[in-house]
Amino acid sequence: MSRWSNSPVAIGVGASEIVVGIRAPALWRPRKHLPAADPVSVAIPAEQFGTEPGVLDALRAALAATPGADAAEAQERGRTPSKRSAHIVLGDFWCNHAILRGDFRTLRMRELEEIALAHFSDMYGIAGESLAVRYCVQHGGRALFASAMSRTLCQGMHDVSASGDVRIRSLRLCLPEMLNRIAPETDGDALLLFVADELMQAVMIEGSGWAAYDAQRLFPGDAGDASRLAEFAEHLFERSATRSGVKREDCKIYLYGIDTDPAPFEARFAAAIRPVGPAQPAIDGSPAHRLMEYAQ
């Protein structure tokens, strides 16, 4: 029997690659008797890098390349093959994030969505109806973490998956997924720094609460230069600190993502900490492969 037989799939959508793998089965349904299945990887052509047609074509090809022997066998027996479910984690290259401050304690879901849409529409000059938003209110109701992506890209992934007899059960974004997995024990101010191959993202923590979000696009060579990354981190801190009196020298920085030398960060911040935990991806493997692992 194919290891892919009706198994849920985990999909990582990177900027230049899509990886599809088997999602870990529920504990009550062990499948240890089935052989392991290698993930399927499809690269997005360089000429289509960063485009919706490119990512949708790659997703279509990746789903088509997953083994389908059991579906064919079911059809031969006159049965309709059941759709597989998919869990997707989308790289932050494909979306925008923001942390909004205010009193959100009494607002309804629709009102929160309208606030998030208005922010991204005003910030980027994009019509609100072209965006799909995700949001989460921090405990206490004083901060809103909001994310926005192209509505056509979101719908396109659902359509492409449906055409391959795959139903998307969840579509999550990378940074919120990582934030859900971490809980840095800070007794003061902290900067959470997430470094990927194409993007550096920072979440400012002040008084154990979200304060601000900022990002820095990375170009070839930047991710491997710890001194340059530390310089970017300093700029991100200066743009993100919202409370008067917050000093970089008193702020700890938590390093997530690709492995890098902490020394240049320690020279600029109170301490540079590389936590160990579920939010810290394996160093080996491509960005899309790591996203696929998050989806598992």
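The table that follows gives values for the structure above.
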read-out: Leading residue by the ranking (nearest to Ala86 (Cα to Cα)) among those in the range 142-167 that are without any contact (Cβ under 8 Å) to a residue 40 or more places away in the chain and touching a helix residue (DSSP H, G or I) at 6+ places or on another chain (Cβ under 9 Å); value: Asp159
read-out: Residue match in the range 185-199 (condition: surrounded by 19 or more Cβ atoms within 10 Å (Cβ to Cβ), at pLDDT below 90 and small (Gly, Ala, Ser)); value: yes
read-out: The one condition in (1) open to solvent by less than 30 Å² (accessible area, probe 1.4 Å); (2) at pLDDT below 90; (3) of a type outside the set (Gly, Ala, Ser) that Phe269 fails to fulfil; value: (2)
read-out: Candidates Arg169, Arg134, filtered to the one that is assigned to a strand (DSSP E or B) and surrounded by fewer than 16 Cβ atoms within 10 Å (Cβ to Cβ); value: Arg169
read-out: Close pairs from the range 42-56: first more than 18 Å from Thr66 (Cβ to Cβ), partner among the hydroxyl-bearing types (Ser, Thr, Tyr) and assigned to a loop (DSSP other than H, G, I, E, B), Cβ under 7 Å, at least 6 apart; value: Phe49/Ser16
read-out: The lone exception for Asp225 - which of (1) without any contact (Cβ under 8 Å) to a residue 60 or more places away in the chain; (2) open to solvent by 70 Å² or more (accessible area, probe 1.4 Å); (3) acidic (Asp, Glu) it fails; value: (2)
read-out: Hits in the range 238-263 (condition: without any contact (Cβ under 8 Å) to a residue 60 or more places away in the chain, open to solvent by less than 30 Å² (accessible area, probe 1.4 Å) and polar (S, T, N, Q)); value: Ser240
read-out: Meets criteria (of a type in the set (D, E, K, R) and free of Cβ contacts under 8 Å to residues at least 40 places away in the same chain) for Glu198; value: no
read-out: Any hit, the range 139-151, residues being open to solvent by 70 Å² or more (accessible area, probe 1.4 Å), assigned to a helix (DSSP H, G or I) and either at pLDDT 95 or above or among the β-branched types (Val, Ile, Thr) (or both); value: yes
read-out: Pairs where the first residue, in the range 1-24, is modelled with pLDDT under 80 and the second is assigned to a loop (DSSP other than H, G, I, E, B) and open to solvent by less than 40 Å² (accessible area, probe 1.4 Å), C-beta under 6 Å, 6+ apart; value: Arg3/Leu34; Arg3/Ala37; Trp4/Ala37; Trp4/Thr66
read-out: Output for the range 95-111, where each listed residue is more than 18 Å from Val203 (Cα to Cα) and either open to solvent by 50 Å² or more (accessible area, probe 1.4 Å) or within 21 Å of the chain's Cα centre (by Cα) (or both); value: Asp103, Arg105, Thr106, Leu107, Arg108, Met109, Arg110, Glu111
read-out: Of residues in the range 35-85 being at pLDDT below 90 and in a helix (DSSP H, G or I), the one least open to solvent (accessible area, probe 1.4 Å); value: Ala74
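The values are calculated or read from the model by the stated rules, or taken from the named source; none is laboratory data. What you are looking at is a predicted structure, and each value in this text was computed from that prediction instead of being measured. Counting neighbours? That spans all protein chains shown, and the Cβs are built from the backbone with ideal geometry, glycine included. Areas reflect the complete protein model, heavy atoms only, side chains present, ligands, DNA and RNA absent. Shrake-Rupley method; radii C 1.70, N 1.55, O 1.52, S 1.80 Å.
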